[in-house]
Amino acid sequence: MDNKIIIFDTTLRDGEQSPGASLNIYEKLEIARQLVKLNVDVIEAGFPVSSPAQFEAVKRIAEECTAVITALARAKEIDIKTAYEALKEAKKPRIHTFTSTSDIHILGKFGDDKYGTSLEEKRKTVLKMSYDAVAYAKTFVQDVEFSAEDAGRTDIGYLSEVVEAAIEAGATTVNIPDTTGYTFPSEFGNKIAELRKRVSNIDKAVISVHCHNDLGLAVANSLFALDMGARQVECAVNGIGERAGNASLEEIVMAITTRKDLCGYTTNINTKEIYKTSRMVSGFTGLVIQPNKAIVGENAFAHESGIHQDGVLKNKQTYEIITPDTVGVEHSKIVLGRHSGRHGLKARLIELGYHFSEDELNTIYDKFLKLADKKKEIFDEDLRVMMGDKIYKEKDLFELISLQIQAGTNSIPTATIRIKIKDTLLQESSTGDGPVDACFNAIERALQIKPSVESYNVRSVTSGRQAMGEAIVRIRCEEKSFTGRGVSTDIIEASTLAYLKAINQQFIFTNTEIELDDNYPILKMA
Ligand code: KIV
Ligand code: ZN
């Protein structure tokens, strides 16, 4: 059996389903380009039928990126056709179709009588749906992947029938997801071994696994499955994804690479691009990496105790099983400052893996100068944070023009803000329980809205006294959450930017316009 493991990256699909993560088309394209540098074999670019923005992102990635590009589709003709439309310019397109196979899912999701009245009848319908979906996808592309959702909790006899039918219909990859992250490594691995015994045509398809991390076992389950014969592993950068996330790409790859002596597997991954990719994904999604996260956490290569430090100074191998440069960890350097020119900035950003047009460089340079005014020394991490701050903009409706705050011991916090909407400037003031509350209140009064704030977090994302503060605000509107991120050396400004961004996301998503009349605090119109 070939020992080459296919790395299927789902950062842009399952990863983007992480609560609070939302990426615009430009950010997705930028991450996809970085995934190509990382040399993943398959990029799952999105779920095209779910929204026009998803469709467009998959289309742009398919047109530009050289890896196998895949898109998700339920076992429905409209989903499959739409996925094909988005993928058709790809050099190597793959349609990924799926249906649920566990009894819990079949009874819970296909309760309707049109699927049958008993479990047995419903199972028959699902079996046929799986076959038909693959056969239909096959009329568009050669490369078709079928996933049996909640395979981890699916009866092995029935799962074998579904997998066999999908392969008979032409599936080239059959994916076995542990959708709810419920299984133990031996249990999940044995499921793969059983499938290889029971499914008569299994040698005609690659077996893939897709493990979620609800019990913290996603990587262990994936590795056990490889030992039992799976040859594709689905994973996401920084382990992001639904709920507790997916198996982490960097952990799987580095486990395989570091313990090649034990497992003998190889991947095509360029491990030196891991760190860059991880920081880019964190910056764009706003999903923070825990400091002790394996491989890419801030502390992954830090040695704290005297005994460890002494050992490492004498011989790195005493406490280091991976050298930081294997995964491309750079030591933070002062790279730029207030006197740096556009060329210096451009060159460093390209080295850090970013792409931008000359127009975008103008915006970036303006942002850089503002940052350099506040901060004397600009490190790579500052540049990454700055680039994560919605540089690749979709048109925002509301723009923060200025903010003034009065706060202190024994005074009532008061904020005055100016917001631009198209060619109109609004100005409003408000008090609050603290300066952040005063800013939020002023925004609400100016725009005459009252979103419900679901969560609000602030932290420093670079180091030192002049550290950049990052604020993440999540608001809720009609059953849907919208997240905004703001960064600044001033945490009140970061919070205000984050709140306004979340409101912008809500307005863009719901396609809402604002009709300005005399009730709004209009300062001036152009
Ligand atoms: O977790 C899951 O089952 C999935 C499938 C759609 C592959 O994400
Ligand atoms: Zn999943």
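The values are calculated or read from the model by the stated rules, or taken from the named source; none is laboratory data. All of these numbers come straight from a predicted model, not from anything done at the bench. We place every Cβ from the backbone using ideal geometry, glycine too, and count neighbours over all the protein chains shown. Surface accessibility is based on the protein's heavy atoms, side chains included, excluding ligands, DNA and RNA. Shrake-Rupley method; radii C 1.70, N 1.55, O 1.52, S 1.80 Å.
What the table below lists for this structure:
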quantity: Dimensionless Rg ratio for the range 398-525, taking C-alpha atoms and the 2.2 N^0.38 Å reference; calculated: 1.05
quantity: D_trans [Stokes-Einstein, Kirkwood Rh over alpha-carbon pairs] for the chain, 37 °C, 0.692 mPa s, µm² s⁻¹; calculated: 132 µm²/s
quantity: From the C-alpha gyration tensor of the range 44-185, square roots of 5λ in Å; calculated: 27, 15, 14
quantity: Dipole axis of the range 342-388 (+1 Lys, Arg; -1 Asp, Glu on Cβ), positive-most option in ILE350, GLY388, LEU371; calculated: LEU371
quantity: Isotropically averaged projected area of the range 224-339, using the convex hull of Cα atoms (one quarter of hull area), nm²; calculated: 10.2 nm²
quantity: Carbon/sulfur fraction of accessible area - the range 129-184, other protein chains in place, 1.4 Å, %; calculated: 54 percent
quantity: Computed E for ILE514/GLN17 - FRET, C-beta separation, R0 25 angstrom, nearest 0.05; calculated: 0.25
quantity: Nearest-20 debye value, the range 398-525 charge dipole, Cβ charges on Lys, Arg, Asp, Glu; calculated: 400 debye
quantity: Scaled radius of gyration (Cα, divided by 2.2 N^0.38 Å) that the range 6-285 gives; calculated: 0.94
quantity: Cβ charges +1 (Lys, Arg) and -1 (Asp, Glu), total dipole of the range 123-222, debye; calculated: 220 debye
quantity: Estimated vicinal HN-Hα couplings, Hz - the range 364-381 in sequence order (Karplus 6.51, -1.76, 1.60; Gly, Pro = x); calculated: 4, 5, 4, 4, 4, 5, 4, 5, 5, 5, 8, 10, 5, 10, 10, 9, 4, 5
quantity: Cβ-derived FRET efficiency at R0 51 Å, SER463 paired with LYS422, nearest 0.05; calculated: 0.85
quantity: ³J(HN,Hα) computed for each position of the range 49-60 - Karplus, 6.51 cos²θ - 1.76 cosθ + 1.60, integer Hz, glycine/proline x; calculated: 6, 6, 5, x, 5, 5, 4, 4, 5, 4, 4, 5
quantity: Extension gain, ILE78 back to ARG198 (0.36 nm per residue minus Cα-Cα distance, nm); calculated: 40.0 nm
quantity: By average C-beta atoms within 10 angstrom, highest first, the peptides 69-77, 486-494; calculated: 69-77, 486-494
quantity: Kirkwood-Stokes translational diffusion coefficient of the range 350-460, alpha-carbon pairs, 20 °C, 1.002 mPa s, µm²/s; calculated: 130 µm²/s
quantity: Per residue accessible area of the range 398-525, 1.4 Å probe, in Å²; calculated: 53 Å²
quantity: Virtual spin-label span in nm between ASP214 and GLU120, 7 Å along Cα→Cβ; calculated: 2.9 nm
quantity: On Cα atoms only, tilt of 342-351 relative to the major axis of the chain in degrees; calculated: 20 degrees
quantity: Helix-only CD estimate at 222 nm, as mean residue ellipticity for the chain, using -39500 (n - 2.57) per DSSP H run (n ≥ 4); calculated: -12000 deg cm²/dmol
quantity: Packing rank of 436-445, 134-143, where each peptide gets the mean count of other beta carbons within 10 Å, highest leading; calculated: 436-445, 134-143
quantity: Pairwise FRET efficiency - GLU478 versus THR258, Cβ, R0 = 41 Å, nearest 0.05; calculated: 0.30
quantity: Mean Cβ neighbour count within 10 Å, used as a protection proxy, ranking 319-329, 464-474 highest first; calculated: 464-474, 319-329
quantity: Farthest positive-ward along the chain dipole, Cα basis, beta-carbon charges - from THR154, ASN246, THR99; calculated: ASN246
quantity: Fraction of the pair-distance distribution of the range 342-388 above 17 Å, Cα-Cα pairs, percent; calculated: 21 percent
quantity: Contour excess over end-to-end distance, with Cα ends at LYS316 and GLU351 and 0.36 nm allotted per residue; calculated: 9.8 nm
